[in-house]
Structure formats: C-alpha cells, structure tokens
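Have a look at the structure below before the remarks.
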Amino acid sequence: MTEKKEPVKKVSPRRRARECAVQALYSWAISGNAPEQVELTFVVDQDLKGVDKPYFSRLFRQTVANVEAVDFSMSHYLDRTLDELDPIEKAILRLAVYELQFEPDVPYKVAINEAIEVAKVFGADESHKYINGVLDKVAPALGRK
C-alpha cells in the first residue's frame, strides 16, 4: 500500500517576503538596533531563497519608517495597549496595517489573508483570529473595505 503524501504548498515569493519582513520587524522591535543593521544582519544570516527580496526590503523599511502612523491607525482597534501585544502579533499587525495604509496596489483582502497566514506560521495557536479581527476593523477605517 502506498502512502498518500500531502501536496507541497508552494509559497509565493511575496508571502516569503512578508514572512521575512515580520521576522525582521520582530527583531528590530526586540533588539532596538538600527533598522539598517537589522536588515543587513537578516539578509546575511537568513536563507532568502524564494523571497521577493525587493519587496521584503520595501515592506521592512517602509513599515519602520511609518511605524508611528501604522501604530496610530491600529491602536483604536486593539483590546489592549501596543506594549501589551505579543511582539510577533505586533509585528504581523504592523506589516499588514502598513500594507493597508500605504500600498494601495495590494488588495485589502490579500493584505488581511496574508497576515492571517503569516500568523498561522509564527503566532500563537489562536493569534490568527485576533489578527483577523483587528484588521477587519482597521481596513474600513482606512477606506479599504
């Protein structure tokens, strides 16, 4: 009897870019290091095969550059303060809110779905539900729904 194998899901280069950007944002927030240093270390130390590298750089750099606006946009829809958020959830939300707020070419459903999928990879068991709930409120507030 042959074993049935699960089909391998091909992860898009943009999804990989988002995953890497979340990791870099997490590292930046935890370490307090300069964004340029975090990005350089990440690029040198990580396997970026299959990653849309220019998109990764843009997401990371622009999320950091716009972090105050991003945090302000989502803070009204959180059930706790930003400091009380789990650091990985905060990184995922920052990236998704950045895309919703500053990347009009990314459809809002894509930004939300990608954040949910990234939360399933890196977040706690139920964090994808929390991410979805917050982003479902942020998107219309930003005129994206």
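The values are calculated or read from the model by the stated rules, or taken from the named source; none is laboratory data. Everything numeric here is computed off the predicted structure, so don't read it as measured data. FYI the Cβ positions are ideal-geometry reconstructions off the backbone, even for glycines, and counts take in every protein chain you see. Only protein heavy atoms, including side chains, enter the accessible area calculation; ligands, DNA and RNA are left aside. Shrake-Rupley method; radii C 1.70, N 1.55, O 1.52, S 1.80 Å.
From V43, V38, V8, V64, which residue is modelled with pLDDT under 95 and farther than 19 Å from E117 by Cβ? Don't jump to the end; show me each part of the working.
On the way: V38 fails: modelled with pLDDT under 95; V8 fails: farther than 19 Å from E117 by Cβ; V64 fails: modelled with pLDDT under 95.
After applying the criteria, what remains is V43.
Answer yes if at least one residue in the range 25-34 is under 14 Å from V134 (Cβ atoms), in contact (Cβ under 8 Å) with a residue 40 or more places away in the chain and open to solvent by 20 Å² or more (accessible area, probe 1.4 Å), and no otherwise.
no
Out of everything in the range 35-50 that is in a helix (DSSP H, G or I) and aliphatic (A, V, I, L, M), what residue ends up being surrounded by the most Cβ atoms within 10 Å (Cβ to Cβ)?
V38
Exactly one condition in (1) under 23 Å from N132 (Cβ atoms); (2) open to solvent by 40 Å² or more (accessible area, probe 1.4 Å); (3) without any contact (Cβ under 8 Å) to a residue 40 or more places away in the chain is not met by R15; state its number.
The failed condition is (3).
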